[in-house]
Amino acid sequence: MIKLCVFDFDSTLMDGETISFFAAKMGTQRQVSEITKRAMAGELDFFESLSERVALIKGMKLSDAKAIAESLPFVCGASEIIAYLKNKGIKVIVFSGGFHLATDAAQKKLGFDASFANYLHEKDGILTGLFGGEMMFGYSKGALLAQLKSLMGLSASEVMCVGDGANDVSMFREAGLKIAFCANEILKEHASVCIEKKDLKEIMKYV
């Protein structure tokens, strides 16, 4: 019986990549999107690639980043699947290699229980091009999920994960039900279920 569900955020619950929305404001979207694509396919080290991308939004006003984070689009079925899981008594948590600016705003709208992500460093209201947080490395999601399982007294069979990219592989290794959602090939290799239709309500068939 599933007791905990962990969702990736960018391109899983949210329709797109948060940092690409930020980069569009700064005129660096093409460079950022190319790095993101390669990172999610497992071609680049996650920390190094995120460092490069965050550097490309240096100088952005924090107020602009907050406004963008508040208006990000969600994937079809996002609110429905979270309500469905919570109605079954399942804790729903988001792990994002992106940023708390986005996941904190999304939590208010979607109602999941908690999120773990990164923080964009700012000074005097301007992004410095630096970051830190809970999800900085390719192994971060798996390491944190292992801790949560221990804290909550859960076995792998009581945990499900939903993701799309290479940095979700580590958390898949800690879960029983592993759902690759419109995912990169590198993640599909580790999945127990692959969903190609871009509608999160499809997950209901498996829970």
Item to check | Rounded to 10°, Cα long-axis angle of helix 46-55 versus longest principal axis of the chain | outcome: 40 degrees
Checklist entry - Just how many pairs of Lys in the range 93-207 have C-alpha atoms closer than 16 Å, counting pairs that are eight or more places apart or on different chains? => result 9
Item to check | Within the range 15-44, backbone nitrogen closer than 20 Å to the virtual label 7 Å beyond the Cα of residue 136 toward Cβ | outcome: 19, 36, 39-40, 44
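Rounded to the nearest 500, what is the chain's calculated 222 nm mean residue ellipticity when only DSSP H runs of at least 4 contribute -39500 (n - 2.57) each, over all residues?
On the way: 9 runs with 82 residues, N = 207.
That calculation yields -11000 deg cm²/dmol at 222 nm.
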Next on the checklist: Could you tell me the calculated FRET efficiency between residue 126 and residue 45, based on Cβ-Cβ distance and R0 = 25 angstrom, to the nearest 0.05?
Outcome noted: 0.40
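In Å², and per residue, what accessible area does the range 64-204 have when probed at 1.4 Å with the other protein chains present?
That works out to 43 Å² for each residue.
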Next on the checklist: Multiplying the sequence separation of residue 104 and residue 143 by 0.36 nm and subtracting their Cα-Cα distance, what value in nm do you get?
Outcome noted: 11.9 nm
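Shape of the range 42-169 from its Cα gyration tensor (a ≥ b ≥ c, root eigenvalues): rounded if a/c is under 1.5, otherwise prolate when a/b > b/c, or oblate? If you can, show how the numbers build up before the last one.
Working: a/c = 2.15, a/b = 1.42, b/c = 1.52.
The shape class here is oblate.
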Item to check | Of 91, 109, 61, the one that fluctuates the most in a GNM where the chain has Cα springs shorter than 10 Å | outcome: 109
Item to check | the chain - percent relative contact order, Cα under 8 Å, separation 6 or more | outcome: 26 percent
Checklist entry - Hey, what angle do you get for helix 100-110 against the long axis of the chain, alpha-carbon based, 0 to 90 degrees rounded to 10? => result 50 degrees
Checklist entry - Using alpha-carbon positions, what is the distance between the centroids of the range 1-73 and the range 146-201, in Å? => result 20 Å
Next on the checklist: In the chain, if the dipole is taken from +1 on Lys/Arg beta carbons and -1 on Asp/Glu beta carbons about the Cα centre, which of 14, 207, 172 is farthest to the positive end?
Outcome noted: 207
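For a Förster distance of 25 Å, can you work out the FRET efficiency between the beta-carbons of residue 194 and residue 79, rounded to the nearest 0.05?
Values: r = 23 Å, r/R0 = 0.92.
According to the calculation, E is roughly 0.65.
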Checklist entry - Expressed in nm to one decimal, what extension gain is obtained for the pair residue 155 and residue 1 from 0.36 nm per residue of sequence separation less their Cα-Cα distance? => result 54.4 nm
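The values are calculated or read from the model by the stated rules, or taken from the named source; none is laboratory data. Nothing here was measured: the structure is a model prediction, and the numbers come from that model. When we count neighbours, we look across all protein chains shown, and the Cβ atoms used for this are built from the backbone with ideal geometry, even at glycine. The protein model used for the area step is the full one, side chains on, heavy atoms only, and it has no ligands, DNA or RNA in it. Shrake-Rupley method; radii C 1.70, N 1.55, O 1.52, S 1.80 Å.
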